[in-house]
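Reading through the structure tokens given below for one structure.
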Amino acid sequence: MVIPTENAFRPRIDGNAGDEAGTLRILIVDDDPSLRRTFPHVLARPGRMFDECGSVAEAIVRLECQCYALILLDYRLPDANGLALLDWLSEHRRDEAVIIISGEDAIDAAIGALRGGADDYVRKPYHVAQLQRAVDGALHKGALERANTLMSQRLKDSERLHRYLVESSPDMIFTLDGSGRFTYINPRVRALLGYERSTLIKRPFTTLVMPEDIDRIDTLLSQPSSLPGESFNVELRLRCRREGGEGGNVTVSLTGIPMVTQQDDRRVVGLYGVARDISERKRAEEIISFQAYHDQLTHLPNRVLFKDRLELAIAQAQRRTGALAVMFIDIDRFKLVNDTFGHAEGDLLLRAIANRLSATLRRGDTLARLGGDEFTVLLPDINQPEDAEVIARKVLDALVTPVTLSQGEFRATVSVGVALFPRDGTTAEDLTRHADAAMYQVKRSGKNAFRFFDPSLNARYRDRIALENDLRNALARHELELFYQPQVSMAAHSIVGLEALLRWNHPTIGPIPPTTFIQVAEEVGLIGEISNWVIETACAQLASWQADGQATPRVSVNLSACDFQRGDVVATINASLARHGITPDCIEVEITESLMMNDTADVAAKVRALRAAGISVAIDDFGTGYSALAYLQKFPVSTLKIDRSFVRDLEGPMTNPIISAITGIARGFELDLVAEGVESLEQADALCALGCDVMQGYLFARPAPAAEVLGWLRQPERLFLGAGNADLQAAAA
């Protein structure tokens with residue numbers, strides 16, 4: 001079908017009998033010049049324009065260039081009679097009106113002229129009024145014919161346009177009779193449903209509707225609106241037929257408009273329908289809905305959907321006075337897989353574990369992924385705690401077989417926490433939180449196990465949260481304080497160093513040791529702020545002692561591994577030293593052996609930067625980890641500190657071979673050596689015998705505030721007198 005253009009609204013009319021102002025052109029063809037001059041005067045009217053010529057040939061030339069509303073044609077002309085011009089007009093399918101003016105008396109001339117297409121015949125001599133009536137009648141008749149032609153053309157073009165719109169519509173357009181049978185359907189039905197139009201005519205529309213939707217459309221078809229223009233819209237699934245005989249269905253949005261008679265009774269005689277394919281939209285909605293409630297990696301329910309199902313299960317359990325369980329599952333050592341093999345392998349492991357967990361659950365249980373390596377399980381209809389225990393054991397057993405990854409096999413384990421309704425909580429939040437708390441207790445106890453929630457865990461977690469909140473305000477409330485413990489030289493009988501030890505004076509609990517709150521500070525991200533305060537306070541105290549005229553020993557400050565993950569630890573220490581006018585040799589930084597074991601280029605670079613700045617670096621608790629001598633070559637440390645656990649074993653006749661090895665390492669690398677935790681004379685004597693001169697411990701002094709340290713600096717012999725060693729007392733005297 002040819003696509004209609006704007007001509008549908010601007011019908012084509014052959015020729016142009018007038019100008020744009022509506023002027024009608026009249027051509028006078030007569031060999032009498034006087035008549036040609038007379039006609040325009042007697043026939044003049046507003047909107048008329050006259051041209052004239054004296055022969056058939058001249059008339060044809062003008063007609064080839066111009067269209068006219070009327071031709072006044074003389075029957076006898078020098079080159080031919082007027083019938084010749086009528087023949088030319090007929091051959092060229094011209095629609096000009098023609099009035100023959102003739103002096104012929106024979107009736108045959110008039111008959112021939114009218115048969116040739118003339119609209120009127122005026123015989124000479126004629127009265128002027130007669131000629132005027134003939135001209136007015138011919139022009140009026142021509143106007144009516146042109147208007148009719150214009151209207152017909154518009155109707156045809158309008159029909160072509162509407163047929164094109166219906167036949168080419170991307171929607172299926174159809175009409176039904178009063179019985180619901182097809183009376184018309186456009187070609188779109190073949191592409192949409194796979195049926196030929198001819199096979200559907202006279203068939204009921206409901207034969208295309210899927211059985212599940214027939215009731216809805218039957219109701220609408222049996223009770224249509226009796227008012228014109230009122231429509232309905234409904235979503236339906238229509239049967240489709242594909243090549244090979246395969247069936248299926250297409251979801252459409254159907255708009256139906258009742259067709260009503262124009263008589264007084266206004267009866268519904270059929271239905272006009274438009275069915276739009278919305279299958280892609282429905283699929284997109286399903287995908288969006290799935291993504292909103294499911295994890296994209298494992299396709300398991302996500303946190304939102306799990307919470308909805310858990311709340312529904314709780315409501316049902318409350319009505320039936322039943323029970324249910326919530327399991328919180330965390331994969332052990334999952335970060336190791338991501339860091340070692342990459343996130344793609346981590347994703348593969350998550351999917352494999354999700355499949356194994358799903359296989360262990362009952363029909364009706366819900367496994368969800370909360371995110372990361374955390375899963376939750378809803379176990380409805382639990383009759384007794386043992387039922388949840390059975391499933392928890394199945395979960396652990398399901399992971400006994402290693403998971404095969406592209407990089408090799410990985411033996412995955414999980415930690416499982418279980419909370420029971422209503423014993424451990426009556427809301428979704430409480431049950432999930434308590435199962436999480438039980439799971440973390442498994443983590444702390446060695447992993448790869450399950451545990452039921454214990455109310456005492458909740459109390460500990462509340463205490464932990466309270467501790468976190470109080471710790472955030474400790475700096476602002478000036479609750480932190482530095483205590484100092486001296487490091488003494490047995491040979492020189494003097495204080496060679498002070499270790500700054502952090503204390504927290506809690507307003508209600510009292511003094512809290514760092515072993516209680518440092519790990520919390522690291523987990524909540526406060527350790528950097530606390531370390532900056534320790535460095536600043538230690539430098540300020542050194543400056544105060546020096547201003548008092550005291551010769552101060554080196555002060556050691558402990559830094560967390562988290563401090564070395566920041567880029568400003570070296571700059572922070574140097575800035576604090578410069579701010580208080582302290583030389584770098586007055587400060588020593590103590591790092592843990594585990595930090596050195598990280599063996600990262602960034603950490604080594606920062607240690608070298610500290611040493612280059614003149615700041616000593618000590619390894620605290622040396623020997624408790626898995627240190628290798630190679631690390632001492634990579635990290636230019638200055639001091640080794642023997643852990644108190646080795647010093648404790650020195651009491652009695654046996655010596656500790658590890659201390660002997662450490663002293664040998666210190667001598668070999670030309671490092672200073674400090675023994676921590678010296679509490680008895682026997683330990684001090686044994687350390688001296690092994691070559692360790694500098695000691696630190698309760699034998700000499702307990703950690704004390706800065707005010708008490710000033711007395712040590714002024715009278716260091718007090719530390720040796722307090723030891724109770726006769727040799728030390730004699731030396732001090």
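Among residues other than ILE512 with Cβ under 10 Å from its Cβ, the summed charge is -1 (Lys and Arg +1, Asp and Glu -1). Helix 33-42 and the longest principal axis of the C-alpha atoms of the chain enclose an angle of approximately 60°. Among residues other than ALA388 whose Cβ falls under 14 Å from its Cβ, what is the net charge (Lys/Arg +1, Asp/Glu -1)? Here the charged neighbours net out to -1. Hull volume per residue, based on the alpha-carbon atoms of the chain and their convex hull, is 383 Å³.
With contacts taken as Cα pairs under 8 Å at a separation of at least 6 residues, the stretch 113-238 carries a relative contact order of 13 percent. Taking 15 Å as the cut-off, the amide N atoms of the stretch 63-94 that come nearer than this to a point 7 Å along the Cα-to-beta-carbon line of ALA143 belong to 69-70. In the chain, the longest principal axis of the Cα atoms and the axis of helix 128-167 are about 30 degrees apart. Using a cutoff of 8 angstrom between alpha carbon atoms and counting only pairs six or more residues apart, the relative contact order for the chain works out to 6 percent. Over the C-alpha trace of the stretch 401-456, radius of gyration and Dmax come out as 14.5, 45 angstrom. In this simple spin-label model, placing a label point 7 Å from the Cα along the Cα-to-Cβ direction at both GLN519 and ALA689 gives a separation of 3.7 nm. Take 482-494, 508-520, 354-366, 409-421 and order them by the average number of nearby Cβ atoms within 10 Å per residue, most first; the result is 409-421, 482-494, 354-366, 508-520. For the chain, the fraction of 1.4 Å probe accessible surface lying on carbon and sulfur atoms is 51 percent. By definition, a body whose alpha carbon gyration tensor gives a ≥ b ≥ c is oblate when a/c is 1.5 or more and a/b is not larger than b/c, and the stretch 445-512 fits this oblate description.
Can you check what the net charge comes to around TYR126, using other residues whose Cβ is under 12 Å from the Cβ of TYR126 (Lys, Arg +1; Asp, Glu -1)? In short, +2.
Charge dipole (Cα centre; +1 on Lys/Arg Cβ, -1 on Asp/Glu Cβ; no other charges) of the chain amounts to roughly 1880 debye. Where the alpha-carbon atoms of the stretch 287-391 are placed on the principal axes, they occupy 49, 35, 18 Å, in descending order.
Only helical runs count toward this figure. For the chain, summing -39,500 (n - 2.57) over DSSP H runs of n ≥ 4 and dividing by all residues gives -13500 deg cm²/dmol at 222 nm. Note on the stretch 529-580: the alpha carbon radius of gyration divided by the globular reference 2.2 N^0.38 Å gives 1.20.
Pairs of Lys residues in the chain, spaced 8 or more positions apart or belonging to different chains, with C-alpha separations under 27 angstrom: 16 in total. Extension gain, HIS343 to ARG393: 0.36 nm times the residue separation minus the Cα-Cα distance gives 15.1 nm. Taking a ≥ b ≥ c as the square roots of the eigenvalues of the Cα gyration tensor, the stretch 285-337 is classed as oblate, since a/c reaches at least 1.5 and a/b does not exceed b/c.
Solvent exposure of the stretch 155-201 amounts to 52 Å² per residue of accessible area, where only protein heavy atoms count and the probe is 1.4 Å. Each peptide in 693-704, 22-33, 104-115 receives the mean, over its residues, of other Cβ atoms within 10 Å, and ordering these scores from highest gives 693-704, 22-33, 104-115.
The overall shape of the stretch 44-146 is rounded: from the C-alpha gyration tensor, with semi-axes ordered a ≥ b ≥ c, the ratio a/c is less than 1.5. Here PHE290 and SER179 are evaluated by their C-beta separation; at R0 = 41 Å the FRET efficiency comes out at 0.50.
The values are calculated or read from the model by the stated rules, or taken from the named source; none is laboratory data. What you see is a predicted model, and the numbers here were worked out from it, not measured in a lab. Virtual Cβ from ideal backbone geometry, glycine too; neighbours counted across all protein chains shown. Note: accessible area is taken over every heavy atom of the protein model, side chains too, but ligands, DNA and RNA are not part of it. Shrake-Rupley method; radii C 1.70, N 1.55, O 1.52, S 1.80 Å.
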